[in-house]
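This report refers to the structure that appears directly beneath it.
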Amino acid sequence: MKTLSLSERHNYILETLRQQGSVSVVDLANQLKVSSVTIRKDLTLLEEKEMLYRTHGSAILINPYINDRHVNEKEKSYPEEKRLIGRYAASLITADDSILIASGTTMHALAREIVPQGHLTVIAAAINVTNILARNKNIDIIQLGGFVRNSSVSVVGNYAEKMLENFSCSKLFMGVDGIDLDYGLTTTNMMEANLNQVMIQAAQKVVILADSSKFGRRGFGKICDLDAVDHIITDKYVPSKTLEGLRERGIEVTVAE
């Protein structure tokens with residue numbers, strides 16, 4: 001690669017982040033043929049412009065500790081990848097199934113792709129998911145109750161958690177804000193993390209729907225370790241090394257294309 005100007009390096013860094021979700025200082029230095037010091041300065045400048053968020057030795061596009069991004073804003077990110085992930089996830093639903101659907105924009109993509117075989121029972125946390133599925137007479141919906149988060153238009157809290165004590169479902173479809181091979185699954189909201197933990201206990205199989213931007217990130221509230229996950233559905237931009245690491249842990253991983 002030829003030597004790039006400052007603006008060209010910044011464009012390269014941002015485009016790489018858009019494709020991969022995260023990138024390390026070392027990898028950028030090797031790819032751009034510059035020193036790690038130069039890359040760190042580049043990342044600092046881009047962070048000051050609020051174009052990325054720096055973590056230990058790497059960078060991601062969005063600060064994972066900010067929890068007030070509205071669901072309508074999130075839906076604009078990776079729409080095609082989410083659609084493909086949702087379509088594949090919907091294919092896992094069997095005839096006369098009973099499932100749990102957590103909150104998040106990828107759950108909306110899943111809901112739009114569901115065509116039930118026979119009769120389907122859904123327990124939903126997100127009101128938007130309920131609105132989509134309620135149009136189908138072959139789907140029975142149990143809407144969890146509780147405190148409604150404005151940003152996600154979904155419920156959290158003790159009431160929702162208490163309701164789940166009375167149910168057992170074949171599968172939980174769940175989105176996350178961060179997947180870290182060492183730390184596990186996280187979200188930006190502590191109350192949502194608590195509800196997700198209870199959902200995991202109410203499901204026989206845990207299926208995570210996550211686009212590539214979620215990998216290598218840690219949010220504020222930890223949901224669980226990776227050993228609680230059975231299946232992850234993601235997109236083609238996840239690095240092969242990450243996919244290998246997940247499969248080595250015994251997790252089924254599907255790249256939806």
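The values are calculated or read from the model by the stated rules, or taken from the named source; none is laboratory data. Source: prediction; values computed, not measured. Virtual Cβ from ideal backbone geometry, glycine too; neighbours counted across all protein chains shown. In case anyone asks, the SASA skips ligands and DNA or RNA and just uses the protein heavy atoms, side chains included. Shrake-Rupley method; radii C 1.70, N 1.55, O 1.52, S 1.80 Å.
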Taking the dipole of the chain about the Cα centre (Lys, Arg +1; Asp, Glu -1; charges at Cβ), the one of Met107, Leu52, Ser213 that reaches farthest to the positive side is Leu52
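Would you mind working out the magnitude of the charge dipole of the chain relative to its Cα centre, with +1 at each Lys and Arg C-beta and -1 at each Asp and Glu C-beta, to the nearest 20 Debye?
Working: 29 positive and 31 negative charges, 101 e Å.
Result for the chain is approximately 480 debye, rounded to the nearest 20.
Could you sort the peptides 208-216, 187-195, 17-25, 3-11 by per-residue average Cβ neighbour count (10 Å cutoff), highest mean leading? Don't skip to the answer; put the middle values down first.
Details: 208-216: 25.6, 187-195: 21.8, 17-25: 19.6, 3-11: 12.4.
The densest-packed peptide leads the list: 208-216, 187-195, 17-25, 3-11.
Given 4 °C and 1.567 mPa s, how large is the Stokes-Einstein diffusion coefficient of the chain in µm²/s, with Rh as the Kirkwood radius over Cα pairs?
Numbers: Rh = 19.0 Å.
This corresponds to a translational diffusion coefficient of 68 µm²/s.
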At 0.36 nm per residue, and after removing the present C-alpha to C-alpha distance, how many nm does the segment from Glu15 to Asp96 gain when stretched out fully? 24.8 nm
Rounded to the nearest whole Å³, what is the per residue volume of the convex hull around the Cα atoms of the range 114-211? 113 Å³
Please check: in the Gaussian network model of the chain (C-alpha springs, under 10 Å), which one of Glu165, Glu80, Glu48 has the largest mean-square fluctuation. Glu48
Please list Tyr237, Tyr159, Tyr53 from largest to smallest accessible area, probe radius 1.4 Å, with all protein chains kept in place. Tyr159, Tyr237, Tyr53
Between Val148 and Glu257, what length comes free when the chain is fully extended (0.36 nm per residue of separation minus the Cα-Cα distance, one decimal in nm)? 35.9 nm
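Could you please state how large a percent of the accessible area of the range 86-182 is carbon and sulfur, counting protein chains only and using a 1.4 Å probe? Numbers along the way, then the final one.
Working: 2020 of 4140 Å².
Result for the range 86-182: 49 percent of the exposed heavy-atom area is carbon or sulfur.
Treating the beta-carbon of each Lys and Arg as +1 and of each Asp and Glu as -1, no other charges, what is the dipole magnitude of the range 106-191 about its Cα centre, to the nearest 20 debye? Show your work: numbers first, answer last.
On the way: 6 positive and 7 negative charges, 86 e Å.
In total the dipole reaches around 420 debye.
Which whole-number percentage describes the relative contact order of the chain, with Cα contacts under 8 Å and a sequence gap of 6 or more? Before the final figure, lay out each step's value.
On the way: 527 pairs, mean separation 44.3, N = 257.
Answer for the chain is 17 percent.
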Using 0.36 nm times the number of residues separating Lys137 and Gln197, minus their current alpha carbon distance, what extension gain do you get? 18.6 nm
Estimated FRET transfer efficiency (Asp225, Arg54; beta-carbon r; R0 30 Å; 0.05): 0.70
Going highest first, how would you order 246-253, 176-183, 129-136 by mean Cβ packing within 10 Å? 176-183, 129-136, 246-253
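What whole-number value in Å² describes the accessible area per residue of the chain for a 1.4 Å probe? Can you show the working numbers first?
Values: 12290 Å² over 257 residues.
Accessible area per residue: 48 Å².
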Selected from Leu32, Leu133, Gly86, residue furthest toward positive end of dipole (the chain; charges at beta carbon): Leu32
